[in-house]
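*Asks:* Can you keep this structure in mind? I'll have questions shortly.
The values are calculated or read from the model by the stated rules, or taken from the named source; none is laboratory data. Because the structure is a prediction, the values reported are computed rather than measured. Because the Cβ atoms are built from the backbone with ideal geometry, glycine has one as well, and the counts that use them run over all protein chains shown. The accessibility values were calculated without ligands, DNA or RNA, using every heavy atom of the protein model including side chains. Shrake-Rupley method; radii C 1.70, N 1.55, O 1.52, S 1.80 Å.
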Amino acid sequence: MAFARLTAKLLRTPLFHGALLLMTLWQPACAQGADDTLLPYAVSIHQTPMQSWGPGAGIYLGKGLFITAAHVAGRSWLTRPKIAIAGAEYPTRVIKEGSFEATDLTLLSVEEELLPARLRLRRNSICTDPPTPGQQVVTIVPGSAVRSHILAPDRLPIGTRGRFSTVIADVARTGNSGSGVFDVKRKCLLGIMSRKISQSYSRPGTRKTETRDIAKYFVPASEIAAFLPAHLQL
């Protein structure tokens with residue numbers, strides 16, 4: 001009984017509530033700090049001339065290699081994509097180019113000695129386990145890390161469940177094409193963002209059709225690993 005009264009008294013003290021508030025604020029701050037360690041891997045992709053919709057995103061893998069969505073780099077013989085880091089642009093060599101219709105990936109290379117020292121020393125790990133529904137992820141673009149989670153394929157329209165089954169939620173807040181999707185716990189690269197998945201529906205009682213974004217598809221790590229040339233294993 002005395003212990004119960006002491007506990008009740010403690011719960012009413014300002015000190016206890018202050019500590020509880022501090023713990024509540026500390027947890028997301030720690031999560032954000034952990035996610036921010038991935039930010040150096042994020043770069044911008046500039047076509048030549050710069051694309052009208054603004055810079056795309058890409059992810060540094062290591063050894064001077066960068067990966068992005070194929071449609072972000074565009075037809076490289078025409079767009080001559082550059083890597084942009086902290087306002088500086090670096091010319092690239094195209095190692096392998098996919099396509100939006102097939103494998104939406106392009107692998108670019110920059111002479112390693114041209115890159116900032118803080119980047120040259122880094123190596124990115126590619127996840128080996130497939131993504132699972134509910135898995136916590138973080139999307140990374142230059143200057144921004146936003147958490148999300150993997151959606152189950154049965155949440156998608158039937159026509160997209162086969163090819164575009166690796167998707168995340170939080171369409172409006174997370175990184176767009178070319179951004180990296182990382183596993184929160186292991187900090188490995190889980191995928192490269194490719195496109196939105198949308199669904200059309202009719203409002204009840206009207207003939208008006210509207211489109212709603214319901215998920216974002218990313219090219220999974222297994223496809224990234226298969227896309228990388230064998231002699232360029234990290």
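*Asks:* Restricting attention to the range 147-165, report how many residues are open to solvent by 20 Å² or more (accessible area, probe 1.4 Å) and touching a Gly at 6+ places or on another chain (Cβ under 9 Å).
*Replies:* 3
*Asks:* Consider the range 214-234. How many of its residues are within 17 Å of the chain's Cα centre (by Cα) and at pLDDT below 90?
*Replies:* 1
*Asks:* To continue, here is another question. Here are some conditions: (1) open to solvent by less than 70 Å² (accessible area, probe 1.4 Å); (2) more than 24 Å from residue 62 (Cα to Cα). Residue 133 meets all but one. Which one does it not meet?
*Replies:* (1)
*Asks:* Kindly provide the set of residues from the range 46-64 that are hydrophobic (A, V, I, L, M, F, W, C) and under 17 Å from the mean Cα position of the chain (by Cα), ordered by number.
*Replies:* Passing the criteria: 57, 59, 61.
*Asks:* Quick check on the range 203-229: of everything there that is among the aliphatic types (A, V, I, L, M) and buried (at least 20 other Cβ atoms within 10 Å of the Cβ), which residue is nearest to residue 134 (Cα to Cα)?
*Replies:* We begin by selecting, within the range 203-229, every residue among the aliphatic types (A, V, I, L, M); these are 214-215, 219, 221, 224-226, 228.
If we keep only those that are buried (at least 20 other Cβ atoms within 10 Å of the Cβ) as well, we get 215, 219, 221, 224.
Numbers: 215: 13, 219: 17, 221: 17, 224: 22 Å.
Among those that are among the aliphatic types (A, V, I, L, M) and buried (at least 20 other Cβ atoms within 10 Å of the Cβ), it is 215.
*Asks:* With the requirement that a residue be without any contact (Cβ under 8 Å) to a residue 40 or more places away in the chain, in a loop (DSSP other than H, G, I, E, B) and over 20 Å from the mean Cα position of the chain (by Cα), what does the range 152-165 give you?
*Replies:* 161, 162
*Asks:* A further question on this structure: Could you check residue 187 against (1) out of contact with any Gly (no Cβ under 8 Å at 6 or more places or on another chain); (2) on the phi < 0 side of the Ramachandran plot; (3) among the basic types (Lys, Arg) and say which number it fails?
*Replies:* (2)
*Asks:* While we're on this one: Across the range 166-202, which residue is most open to solvent (accessible area, probe 1.4 Å) among those that are in a strand (DSSP E or B) and free of Cβ contacts under 8 Å to residues at least 40 places away in the same chain?
*Replies:* Kept after step one, since they are in a strand (DSSP E or B), are these residues of the range 166-202: 167-168, 180-183, 189-202.
When the remaining residues are screened for being free of Cβ contacts under 8 Å to residues at least 40 places away in the same chain, the result is 196, 198, 200-202.
Details: 196: 108, 198: 53, 200: 77, 201: 84, 202: 73 Å².
Taking the candidates together, the pick is 196.
*Asks:* Evaluate the following for residue 194: is it farther than 16 Å from residue 223 by Cα, of a type outside the set (A, V, I, L, M, F, W, C) and within 12 Å of the chain's Cα centre (by Cα)?
*Replies:* It is false that residue 194 is farther than 16 Å from residue 223 by Cα, of a type outside the set (A, V, I, L, M, F, W, C) and within 12 Å of the chain's Cα centre (by Cα).
*Asks:* Here's another thing I want to ask about it. Pull up the range 98-128, narrow it to residues that are within 13 Å of residue 189 (Cα to Cα) and in contact with a strand residue (DSSP E or B) (Cβ under 8 Å, 6 or more places away or on another chain), then point me to the one that is surrounded by the fewest Cβ atoms within 10 Å (Cβ to Cβ).
*Replies:* Here the residue is 123.
*Asks:* Kindly provide the set of residues from the range 140-180 that are under 21 Å from residue 212 (Cα atoms) and polar (S, T, N, Q), ordered by number.
*Replies:* Result: 148, 160, 165, 166, 174, 176, 177.
*Asks:* Let me ask something additional. Have a look at 29, 34, 102, 19 and point out the one that is within 28 Å of residue 136 (Cα to Cα), at pLDDT 80 or above, among the hydrophobic types (A, V, I, L, M, F, W, C) and outside any strand (DSSP E or B). Walk me through how you get there before you give the answer.
*Replies:* Working: 29 fails: at pLDDT 80 or above; 34 fails: at pLDDT 80 or above; 19 fails: at pLDDT 80 or above.
Criteria check complete, one pass: 102.
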